[in-house]
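**Q** One structure is given below, represented as structure tokens, and several questions about it will come after.
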Amino acid sequence: MVDSDIYTFLEVSFETRDFDCVDPCVYNLEGTDRRFCFAPGSDNVKCVREEGTPVTGATGPPTPTGGSTAAPPTAGPTNAPPTAGPTNAPGSIDCAAGCSYTIKFNQYWAQEINGYERTAEVLVPATSSAKLPVVIDLHGSGGQAMTNRLGKFLKNSIIVAGQGYERQWNIVKEKTKAPDTDYVQEVIRQVGEIQQADMDDVTIFGTSNGAGMIYRLLIEVAAPRPFHKVIPTVSTMAEDQYRGGIFYTPSNQNNTGDNVYDQAIVPGKPGPEIHYFHGTADRTVPYEAGTSLGVNFIGAQEATYALAQAFGYEGAQLADAAGVTVQTGVTKYEYSTPDKSVIHYKMTDMGHNAFDPLYSDFVQDYIKTVVEG
């Protein structure tokens, strides 16, 4: 209740940003069809989700939102290094001398109805160059954000290590149901606040569950995407995401159970460059089609072809024997689309490890070439 008016929580929405409101909560004024959010003030506001519960502790006067709201929000105010303020314009953070910091913002979803602080670790090397390429690193299931995973061999890049909720990324059966496609896009947006970041040269690298997240981004993020190259490793797509020649997305993006991929979707063109590594001895996510971790996976080569077709390739799928040997144990399958190439590397006898000692030098050198040239 504010004065004598009662406001009932409706939803959370990014639209509140357009009205300079304190948080993403949207309310209805009792007895009207008007929608409001609250301006900054001296008290705290929390989204109250129980239907019919009045709002208390308003920070300031209600502000009409003016119309329908968008999807649940992905972020709150930015949290930049000490040299920058809380809301930073693109290119406002100067890291020419090198810097490291943690991106922080709030997200709201069914598991965290009062909001949860999402983070990503940023490492910017000292540079005299005007711009540096950006690489987003998505860990595997049970992993943790670590900039040194790529930083040990990428010395001329801005490295951003994402952190999954419950140490996972939300694909099908994971514990997390966080809005991770929105999370990645918000991380990229905030990286754009760094003066040295070349936002026309953004790569996403992911291992295992992180690679699964890359496939969600490829399928579900509208073109033009805020990234230009992807390097998924040691995971293929689930049948949930692609079956019968059709890509799918969950119609319910805010649930607490397994994701149900029931809504057909056409990935937007143009697609990014795709460089996909997978080992034939992978027993966690099988190279050939199979079931693991309670998920049915399609084969690595089928997944490569599906993505190539999605982004404009019109020919037949390459036969296994049509691959080109680039070094002992490494076979390359390349599809040229009208805009970018889709490339898959079959790594003979490599297990569920993107940096398997059998091929670690090859993989690291390849990633460095893709990211830094």
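The values are calculated or read from the model by the stated rules, or taken from the named source; none is laboratory data. Predicted, not measured: the structure shown is a model, and the values here were computed from it. FYI the Cβ positions are ideal-geometry reconstructions off the backbone, even for glycines, and counts take in every protein chain you see.
**Q** Within the group Cys95, Cys99, which residue is more than 23 Å from Gly212 (Cβ to Cβ) and either crowded, with 22+ Cβ neighbours inside 10 Å or free of Cβ contacts under 8 Å to residues at least 12 places away in the same chain (or both)?
**A** On inspection, the qualifying residue turns out to be Cys95.
**Q** For the stretch 334-366, name all the residues that are modelled with pLDDT under 95 and in contact with a strand residue (DSSP E or B) (Cβ under 6 Å, 6 or more places away or on another chain).
**A** Lys340
**Q** Please pick out the residue among Gly257, Gly244 that is more than 24 Å from Thr176 (Cα to Cα) and out of contact with any strand residue (DSSP E or B) (no Cβ under 6 Å at 6 or more places or on another chain).
**A** Gly244
**Q** Determine, yes or no, whether Gly271 is farther than 28 Å from Ala223 by Cβ and part of a loop (DSSP other than H, G, I, E, B).
**A** No, not satisfied.
**Q** Would the stretch 85-97 turn up any residue that is in a strand (DSSP E or B), at pLDDT 95 or above and not β-branched (Val, Ile, Thr)?
**A** no
**Q** So, one more: Collect the residues in the stretch 169-185 that are buried (at least 20 other Cβ atoms within 10 Å of the Cβ) and within 12 Å of the chain's Cα centre (by Cα), keeping them in residue-number order.
**A** Trp169, Asn170, Ile171, Ala178, Pro179, Asp180, Asp182, Tyr183, Val184
**Q** Related question: Name the residues in the stretch 324-352 that are buried (at least 20 other Cβ atoms within 10 Å of the Cβ) and not in a strand (DSSP E or B), would you?
**A** Thr337, Met350, His352
**Q** Any residue in the stretch 334-363 that is under 17 Å from Gly323 (Cα atoms) and among the hydroxyl-bearing types (Ser, Thr, Tyr) sitting within a Cβ distance under 6 Å of a residue that is at pLDDT 95 or above and part of a helix (DSSP H, G or I)? List the pairs, counting only those 6 or more apart or interchain.
**A** As it stands, the answer is Tyr335/Ala308, since those pairs meet every condition given.
**Q** Something else: Where residues in the stretch 201-241 are of a type in the set (Asp, Glu) and over 15 Å from Ile159 (Cα atoms), which of them is surrounded by the most Cβ atoms within 10 Å (Cβ to Cβ)?
**A** Result: Asp240.
**Q** Starting from residues that are in contact with a helix residue (DSSP H, G or I) (Cβ under 9 Å, 6 or more places away or on another chain) and either of a type outside the set (Gly, Ala, Ser) or modelled with pLDDT under 95 (or both), keep the ones in the stretch 120-131 and report whichever is nearest to Gln253 (Cα to Cα).
**A** So, considering only residues that are in contact with a helix residue (DSSP H, G or I) (Cβ under 9 Å, 6 or more places away or on another chain) and either of a type outside the set (Gly, Ala, Ser) or modelled with pLDDT under 95 (or both), the one nearest to Gln253 (Cα to Cα) is Val122.
**Q** Okay, next question. Sort out which residues of the stretch 299-312 are in a loop (DSSP other than H, G, I, E, B) and buried (at least 19 other Cβ atoms within 10 Å of the Cβ), and write them in order of number.
**A** Listed by number, the list holds a single entry, Phe311.
**Q** For residues in the stretch 149-168 being among the hydrophobic types (A, V, I, L, M, F, W, C) and assigned to a loop (DSSP other than H, G, I, E, B), which is surrounded by the most Cβ atoms within 10 Å (Cβ to Cβ)?
**A** That would be Leu154.
**Q** Is it true that some residue in the stretch 164-172 is modelled with pLDDT of 95 or more, of a type in the set (Lys, Arg) and more than 24 Å from His275 (Cβ to Cβ)?
**A** yes
**Q** Here's something else I'd like to know. If a residue must be over 21 Å from Glu220 (Cβ atoms) and touching a Phe, Trp or Tyr at 6+ places or on another chain (Cβ under 8 Å), how many such residues does the stretch 146-197 contain? Don't jump to the end; show me each part of the working.
**A** First, the residues of the stretch 146-197 that are over 21 Å from Glu220 (Cβ atoms): 146-159, 161, 167, 193-197.
Okay, now just the ones that are also touching a Phe, Trp or Tyr at 6+ places or on another chain (Cβ under 8 Å), so 150.
Qualifying residue count for the region: 1.
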